[in-house]
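Colleague: Submitted below is the structure of interest, expressed as structure tokens.
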Amino acid sequence: MNVLSLYDEIGAMGTSFYIWDLGKEQVATIEMNGHYGIFMDFDTIETTAEESVLIAHEGGHIATGSTHSIGSPYEIIEQHENRADKWAIKKLIPKDELDKAIAKGYTEIWDLADYFNVTEDFMKKAVWLYKTGSLAAP
């Protein structure tokens, strides 16, 4: 999935996008009365792979209803972050497409990351979650 398609899909969920200086953060999603805004600091995003991962992750928060208050307990925040990551992985690296890429000879993490236009850290997480069966359920 290319990054423009991702913006379209997440925008169709009723999301608005904003360019904003977020200080140390690259991106943040805010929900207010059932409406979502994704705020991005493009000065901190270096590649389209990084942008795709960030947008998909934030879309995962919206699609799974996993937004939380700033003062939420750490356990809740981590659960929401994991749900957002899993949604993003399924969106950017579907299991059947990963299997096809591996069958074509893309077996190194860096090579798979390049193939799917995601970061290496994100690809490592995807491979680990698929390998452990943590992404088996829809």
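Colleague: Could you run through the range 2-12 and say how many residues are surrounded by fewer than 16 Cβ atoms within 10 Å (Cβ to Cβ) and within 15 Å of the chain's Cα centre (by Cα)?
Modeller: Initial filter on the range 2-12 (surrounded by fewer than 16 Cβ atoms within 10 Å (Cβ to Cβ)): 2, 4-5, 8, 11-12.
Then drop every residue that is not within 15 Å of the chain's Cα centre (by Cα), which leaves 2, 4-5, 8, 11.
Looking only at that region, the number is 5.
Colleague: Determine if the range 40-52 includes at least one residue that is touching a helix residue (DSSP H, G or I) at 6+ places or on another chain (Cβ under 8 Å), of a type in the set (G, A, S) and at negative phi.
Modeller: yes
Colleague: Okay, moving on. Can you tell me which of (1) of a type outside the set (F, W, Y); (2) closer than 15 Å to V127 by Cα; (3) touching a strand residue (DSSP E or B) at 6+ places or on another chain (Cβ under 8 Å) is the one G59 doesn't meet?
Modeller: (2)
Colleague: Give me a count of the residues in the range 105-120 that are crowded, with 17+ Cβ neighbours inside 10 Å and either farther than 12 Å from I93 by Cβ or not hydroxyl-bearing (S, T, Y) (or both).
Modeller: Selection size over the range 105-120: 5.
Colleague: Okay, moving on. Residues to consider are T67, T44; find the one that is surrounded by fewer than 20 Cβ atoms within 10 Å (Cβ to Cβ), out of contact with any Lys or Arg (no Cβ under 9 Å at 6 or more places or on another chain), at pLDDT below 95 and among the hydroxyl-bearing types (S, T, Y). Give the steps one after another, and end with the answer.
Modeller: Working: T44 fails: out of contact with any Lys or Arg (no Cβ under 9 Å at 6 or more places or on another chain).
Checking each option against the conditions leaves just T67.
Colleague: In addition: For residues that are among the charged types (D, E, K, R) and touching a residue at least 40 places away in the same chain (Cβ under 8 Å), scanning just the range 44-99, find the one that is farthest from F116 (Cα to Cα).
Modeller: As a first pass, look at the range 44-99 and keep what is among the charged types (D, E, K, R): 46, 50-51, 58, 75, 78, 81, 83, 85-86, 90-91, 95-97, 99.
The next check asks that each one be touching a residue at least 40 places away in the same chain (Cβ under 8 Å); those that pass are 50-51, 58, 85-86, 90-91, 95.
Numbers: E50: 11, E51: 13, E58: 18, D85: 15, K86: 16, K90: 12, K91: 11, K95: 12 Å.
This residue is E58.
The values are calculated or read from the model by the stated rules, or taken from the named source; none is laboratory data. Because the structure is predicted, anything quoted here is derived from the model rather than measured. Glycine also receives a Cβ, built like all others from the backbone with ideal geometry; neighbour counts cover every protein chain displayed.
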